[in-house]
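Here is the structure we will look at.
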Amino acid sequence: MNRVVIVTGASRGIGAAIAQWFIANGDHVIGISRSGDAPEGCVKSYAVDVKNSADLDAAMKSVVEEFGAVEVAVINAGITNDGLAVRMKDEQWRDVLSVNLDGAFYTARSALSSMLRQRRGSLIFIGSISPFLGIPGQANYAAAKAGVAGLARSLAKEVASRHITVNVVTPGFIETDMTADLAQSRDAVEATIPLGRVGSANDVAGLVGFLASDEARYVTGAIIPVDGGLAMGL
Ligand code: NAP
C-alpha cells in the first residue's frame with residue numbers, strides 16, 4: 001500500500017512479525033530497536049533507545065525527510081524485569097516504566113506530530129493482558145501497560161477530529177524471547193488458555209494490520225485482546 005509505517009521493537013518477536021506483515025502488504029516499513037536490527041525488507045532501521053525522546057524525535061524527523069509523513073506507528077518496544085513488589089529495586093521499577101510507558105508516550109508524540117499535519121493516521125500500541133489479569137511478579141510491567149491503555153484512550157479523543165485512530169492490542173502469552181522462561185511450564189500455561197495454545201507473533205500481527213487498514217477506520221480507543229481467550233470478560 002506504500003504507506004510509511006514505523007514499528008518500534010522491530011528487531012525480533014512480535015515487532016518483527018508486525019514489520020513483516022506490513023512489508024508483505026507493500027508498505028514502507030521503518031524499524032526502530034536498541035540494536036538497530038530489523039527484518040529484511042524494511043526500508044530503513046534505526047538503533048534508538050525509546051527512553052530517549054531526543055533520539056526518537058531525530059529518527060522520526062529523518063524518516064519524514066526521506067520517506068514522507070508517517071501514516072502508521074506501531075508502538076511495540078517493551079521489556080519485562082519481574083520480581084515480587086516488596087523486593088523490587090527502584091531501578092527495576094523505573095526501567096520497566098521508562099521503556100514501556102515513557103517510551104510509548106515519546107514515540108506516540110513524535111509520530112503524531114507528523115500525522116496531525118496530514119490529518120490522517122493510525123497509532124497502535126502493544127499493551128498486555130497483564131493489568132487485567134494481575135500477574136504476581138509483574139507489578140512494574142502491569143502498571144506500565146495499564147498506563148499505556150490510559151495514554152491511548154486520552155490520545156484517541158485528542159486526535160479523533162484529525163481522523164487519526166488510536167488503539168491498543170493486548171496480547172496474552174505469545175511465544176517470543178520475552179516468554180522463553182515459560183518453556184518449562186508450557187503445558188500448565190496452555191491448560192489455562194481457552195484456545196489451548198500459546199500464541200504466535202503472527203497472531204498479533206494480523207490484528208495490528210487490520211487496525212491500520214481502512215476497514216478499521218471507525219475503530220478508535222479500543223483495547224482488543226489477542227490471547228486465545230485467556231483474559232475473556234476482564
Ligand atoms: P521481545 O522478543 O523481547 O522483543 C522486544 C523488542 O523490543 C526488541 O525488538 C527490542 O529491541 C525492543 N526494545 C526493548 N527495549 C527497547 C528500548 N529501550 N528501546 C528500543 N527498543 C527496545 O518481546 P516481544 O515478546 O516481542 O514483546 C513485544 C511487545 O509485546 C512488548 O511491548 C511486550 O510487552 C508486549 N507483549 C508481549 C507478550 C508476550 O507474551 N510475548 C505478551 C503481552 C505483551 P532489541 O532487539 O534491540 O533489544
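Computed from the coordinates by the stated procedures, all read-outs in this text should not be read as laboratory data. Just so it is clear, the model here is predicted, and its values are computed rather than measured. Every residue, glycine as well, gets a Cβ built from its backbone with ideal geometry; the counts of neighbours run over all protein chains shown.
Here are some notes:
- Nonlocal amide H pairs with TYR46, under 5 Å, H built at 1.01 Å: GLY31, ILE32, SER33
- Pairs of lysine residues in the chain that meet both criteria, 8 or more places apart or on different chains and Cα atoms under 23 Å apart, total 6.
- The packing ranking, built from the mean of other Cβ atoms within 10 Å per residue, places the peptides 14-20, 149-155 in the order 14-20, 149-155, highest first.
- Centroid-to-centroid separation of the stretch 69-108 and the stretch 17-49 [C-alpha atoms, Å]: 20 Å
- Peptides ranked, highest mean first, by Cβ atoms within 10 Å: ranges 51-61, 161-171: 161-171, 51-61
- For the stretch 173-186, 3J(HN,Hα) per residue [Karplus equation, 6.51 cos²θ - 1.76 cosθ + 1.60, θ = phi - 60°, Hz, x = Gly/Pro]: 7, 10, 6, 8, 4, 4, 10, 4, 5, 6, 3, 5, 9, 4
- Helical segments meeting 15 Å axial Cα length and Kyte-Doolittle 0.5 threshold in the chain (DSSP H): 13-24, 201-211
- Relative to its residue count, the chain spans a Cα convex hull of 118 Å³ per residue.
- Distances between placed amide hydrogens fall under 5 Å for PHE125 paired with ILE75, ASN167, VAL168, VAL169, all partners being 5 or more residues away or on another chain.
- The radius of gyration of the Cα set in the stretch 177-234, together with its Dmax, comes out at 13.9, 42 angstrom.
- Here the Karplus relation 6.51 cos²θ - 1.76 cosθ + 1.60, evaluated at θ = phi - 60°, turns the backbone of the stretch 129-136 into coupling constants of 7, 3, x, 7, 7, x, 10, x Hz, with x for every Gly and Pro.
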